[in-house]
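Report on one structure; see the data block that follows.
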Amino acid sequence: MASTEESPTTGGAIYLDNNATTRVAPEVVEAMLPFFLDQYGNPSSQHSFGDIVSQAVKTARRQVQRLIGAGAEDEIIFTSGGTEADATALHAALRSQPERRKIITTAVEHPAILAPCEQYRKEGYEVHLLALDGSGQIDLDAYRRLVDERTALVSVMWANNETGRLFPVTEMAALARARGVVFHTDAVQAAGKIPMAVEETAIDMLSLSGHKLHAPKGIGALYLRRGSRFRPLLRGGRQENGRRAGTENAPAIVGLGRAAEMATDRLAELAAMGGLRDRLEQTLLANVPNCMVVGAEGARLPNTSALAFEHLPSEVLLPRLNRAGIAASSGAACSSGSVEPSHVLRALGIPPSYARGAVRFSLSRYTTAADIERVIATLPGLVAELRERSFVWREAADGQGMGSAGGDGHVSGS
Ligand code: PLP
């Protein structure tokens, strides 16, 4: 969302928008540099320049394999990011089973899934968007009724980007397999944030993206279980075993590999990150009246907090937070001048007076306790000040006795 306010981009600003993108880890930059400067060969070339790069790509494939617990390194196909991995998964499943015309996904997927599904719907596919129940969980009864022999693909995200909510993909994949249906998961937000052993599940395909886990933008991967049917989205060269044409982005692949290795080795640190997130939520819930955590009733990523402030639109709060040196993002979609709650917030059915005031704070391994303390020290005062100036808030407060934190007007959970 565009803001006319001055944005602090350096020194002292706190970055809590890691679900949008992450800082590239210095270790990742260091691993990549030689592949710009000295090791610039084409990995397909039959000489020493090519061999060195081809070996580095192989190492990266193993590092990504280890991150997600895949059975074999050749199950990893490098792509230009999460969007391409998602598009490839859809394309592969549908084009390799042209007789099956049904797609099952959820109403809260990322546009990288929803937009191609909409296109397939226009081409004659039957597309089912699973709804969420009152607690923010996928309606599994509806799912069980829908999966059948006409289904070409089930695609369900592992973790939601706006709320961090985890979905039961392992259980859902097992049901799909029992009925002979291909299962894909968009794990762009989940990879590197929760332990994974994809080999031990019935998941056939999984998408991930480098820039969500401290690798650069523009690199990602698709896991494709051995023996799965496949049709390439990008045809041309024989790269990636003929499954994705185009000269490999070797420096970025090396970076993704190094980032995957670091994420695998540092999974234990996530508990501490979850502790910071919980402190942020608990303190704000106790100190800000009429504020709720969206999607808090089930399992969530440890780094994500979607907070919604009643009668305080995020397009009012976010620029003020930005000026105070805190970068977060909204759960609202800004289109043609109007700010509407996102499709995810709408699917969750949170009260309209809260939905426009949803702000997502997403942490990373670089977030410190001091960062969180600063948010805790800043946000309650800002919210009070902005509400004080809001006619809607004052009117609602007069009518309902609002204004004290932790009282009856205090809502938690979705
Ligand atoms: N899927 C999810 C859940 C995402 O959050 C994103 C990015 O925000 C994507 C897919 C797209 O990934 P990329 O930006 O690498 O194309």
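Results, tabulated for the structure shown:
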{"item": "Filter result (assigned to a helix (DSSP H, G or I) and either touching a strand residue (DSSP E or B) at 6+ places or on another chain (Cβ under 9 Å) or within 17 Å of Ala93 (Cα to Cα) (or both)) within region 179-199", "result": "Val198"}
{"item": "Filter result for the condition that a residue is small (Gly, Ala, Ser), surrounded by fewer than 20 Cβ atoms within 10 Å (Cβ to Cβ) and modelled with pLDDT under 95, over Ser314, Ser330, Ser335", "result": "Ser335"}
{"item": "Meets criteria (surrounded by 21 or more Cβ atoms within 10 Å (Cβ to Cβ) and at pLDDT below 95) for Leu90", "result": "no"}
{"item": "Qualifying positions in region 132-153 - under 21 Å from the mean Cα position of the chain (by Cα) and without any contact (Cβ under 8 Å) to a residue 40 or more places away in the chain", "result": "Asp133, Ile138, Asp139"}
{"item": "Positions within region 134-155 being exposed (fewer than 13 other Cβ atoms within 10 Å of the Cβ) and more than 20 Å from Ala174 (Cβ to Cβ), in sequence order", "result": "Gly134"}
{"item": "Yes/no for Gly227 being of a type in the set (Gly, Ala, Ser), within 20 Å of the chain's Cα centre (by Cα) and in a loop (DSSP other than H, G, I, E, B)", "result": "no"}
{"item": "Checking Leu285 against (1) touching a helix residue (DSSP H, G or I) at 6+ places or on another chain (Cβ under 6 Å); (2) within 22 Å of Arg165 (Cβ to Cβ); (3) not aromatic (Phe, Trp, Tyr), the condition it does not meet", "result": "(1)"}
{"item": "Residue in region 167-177 that is within 16 Å of the ligand (Cβ to nearest atom) and under 23 Å from Thr264 (Cβ atoms) present", "result": "yes"}
{"item": "Selection count, region 345-366, where residues are buried (at least 22 other Cβ atoms within 10 Å of the Cβ) and over 14 Å from Val293 (Cα atoms)", "result": "1"}
{"item": "Pick from region 197-212, criterion farther than 16 Å from Phe183 by Cα and not small (Gly, Ala, Ser), ranking: farthest from the chain's Cα centre (by Cα)", "result": "His211"}
{"item": "Residues being assigned to a helix (DSSP H, G or I) and among the polar types (S, T, N, Q) - total across region 253-308", "result": "4"}
{"item": "All strands (runs of 3 or more DSSP E) inside region 58-131 with 2 or more residues being within 22 Å of the chain's Cα centre (by Cα) and more than 15 Å from the ligand (Cβ to nearest atom)", "result": "102-106, 126-130"}
{"item": "Selection within region 154-180 - without any contact (Cβ under 8 Å) to a residue 40 or more places away in the chain and either within 18 Å of Tyr120 (Cα to Cα) or of a type in the set (Val, Ile, Thr) (or both)", "result": "Val169, Thr170"}
{"item": "Of all residues in region 219-239 being out of contact with any helix residue (DSSP H, G or I) (no Cβ under 9 Å at 6 or more places or on another chain) and in contact (Cβ under 8 Å) with a residue 12 or more places away in the chain, the one that is nearest to Val57 (Cα to Cα)", "result": "Gln239"}
{"item": "Qualifying positions in region 44-68 - surrounded by 13 or more Cβ atoms within 10 Å (Cβ to Cβ), closer than 15 Å to Arg258 by Cβ and without any contact (Cβ under 8 Å) to a residue 12 or more places away in the chain", "result": "Gln65"}
{"item": "Single unsatisfied condition, Ala159 versus (1) buried (at least 16 other Cβ atoms within 10 Å of the Cβ); (2) small (Gly, Ala, Ser); (3) touching a helix residue (DSSP H, G or I) at 6+ places or on another chain (Cβ under 8 Å)", "result": "(3)"}
{"item": "Subset tally (residues that are in a loop (DSSP other than H, G, I, E, B) and either crowded, with 24+ Cβ neighbours inside 10 Å or more than 11 Å from the ligand (Cβ to nearest atom) (or both)) for region 200-220", "result": "8"}
{"item": "Arg23 assigned to a helix (DSSP H, G or I) and surrounded by fewer than 20 Cβ atoms within 10 Å (Cβ to Cβ)", "result": "no"}
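Quick grid of which residues meet (1) in contact with a strand residue (DSSP E or B) (Cβ under 7 Å, 6 or more places away or on another chain); (2) within 16 Å of the ligand (Cβ to nearest atom); (3) closer than 30 Å to Arg374 by Cα:
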site: Gly12; (1), (2), (3): no, no, yes
site: Asn19; (1), (2), (3): yes, yes, yes
site: Ser44; (1), (2), (3): no, no, no
site: Ile52; (1), (2), (3): no, no, no
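The values are calculated or read from the model by the stated rules, or taken from the named source; none is laboratory data. Note that the structure is predicted; figures quoted are calculated from it, not measured. Backbone-built Cβ (ideal geometry, glycine too); neighbour counts: all protein chains shown.
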